[in-house]
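In what follows, a single structure is set out as structure tokens and then discussed.
The values are calculated or read from the model by the stated rules, or taken from the named source; none is laboratory data. A quick note: this is a predicted structure, and the numbers were derived from the prediction, not measured. In this analysis, Cβ positions are derived from the backbone assuming ideal geometry, glycine residues included, and neighbour counts consider all displayed protein chains. Ligands, DNA and RNA are stripped out before the accessible areas are found, and what is left, the full protein with its side chains, is counted by its heavy atoms. Shrake-Rupley method; radii C 1.70, N 1.55, O 1.52, S 1.80 Å.
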Amino acid sequence: MSTPVEHTDVGAYALGLLEDGDRRAFEAHLHGCGRCQTELGELAGAAGALFESAPGAAAEPAAEPAPEEDEPPAAPAPVIDMMRRRRRADRRFRRGTYAIASAAAAVALGAGVAVGTTLNEEGHYRPPPAAQSIVGERFHAANASTGASGTVGLVDKGWGTQVSLELRGIKGPLRCHLEAVSRNGERSTVAGWRVPDKGYGVPGQPKPLVMQGGTGLTRPEISSFVVRLDGGGTLLTIPL
């Protein structure tokens, strides 16, 4: 694959270092670029001077057929080798730069960074906002006798009510469920869970239990929520 045509290729072209594909691409570019045409005329003379001053060059070179006007003069072997090494190094650098950029993009995507959406107006990284565990209209209550406390968040939905729960102060092992109680006494189970031995929201395990569920009862129909043990008994009642 040939490298993209660049204005910097004029030097390599003047010294005859471009590969066939690169040379043809540059010659096509040269026809429409006055800047490169002017620089090529200047470098052609410099290349000739390098040839004459190269070690081993004859003081008065033997007569040779004059080159065509658009054919760049040949440069001495040491200069050609130097230029070729530098050009190869430039290509390796460009390839390395592209690889690093691709790897960085892959890492960003793998890490879940939304490129273009996590930068503020000054271009600095802006972390996404922390997810809220409880959303909607909130109600809180505590039960001193059981040590349990909790908060529910309610969001009206077309199918009923979305319910989020944060519960603290409970130790296991227990199996519990959350019930929505309507104003006429109807009960609807919102969600169920198991409490491990270490519990939730207690010393040694400060993180609360956070979960979501739903009920077919509408928000105006609900009078309270009750955290009940599966085997019977109430841990917490949250009135609305």
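With the condition being among the small types (Gly, Ala, Ser) and surrounded by 17 or more Cβ atoms within 10 Å (Cβ to Cβ), I'd like the strands (runs of 3 or more DSSP E) fully within the stretch 159-240 carrying at least 1 qualifying residues. Step through it out loud before you land on a result.
Details: elements: 160-168, 174-182, 187-195, 209-215, 222-229, 234-239.
Fully inside the stretch 159-240 and qualifying: 160-168, 174-182, 187-195, 209-215.
Taking every residue in the stretch 137-158 that is among the aromatic types (Phe, Trp, Tyr) and pairing it with any residue that is open to solvent by 40 Å² or more (accessible area, probe 1.4 Å), at least 6 positions away or on another chain, the pairs with Cβ-Cβ distances below 9 Å are PHE139/PRO239; PHE139/LEU240.
Against the conditions (1) within 19 Å of SER133 (Cα to Cα); (2) touching a Gly at 6+ places or on another chain (Cβ under 9 Å), MET211 satisfies every one except (2).
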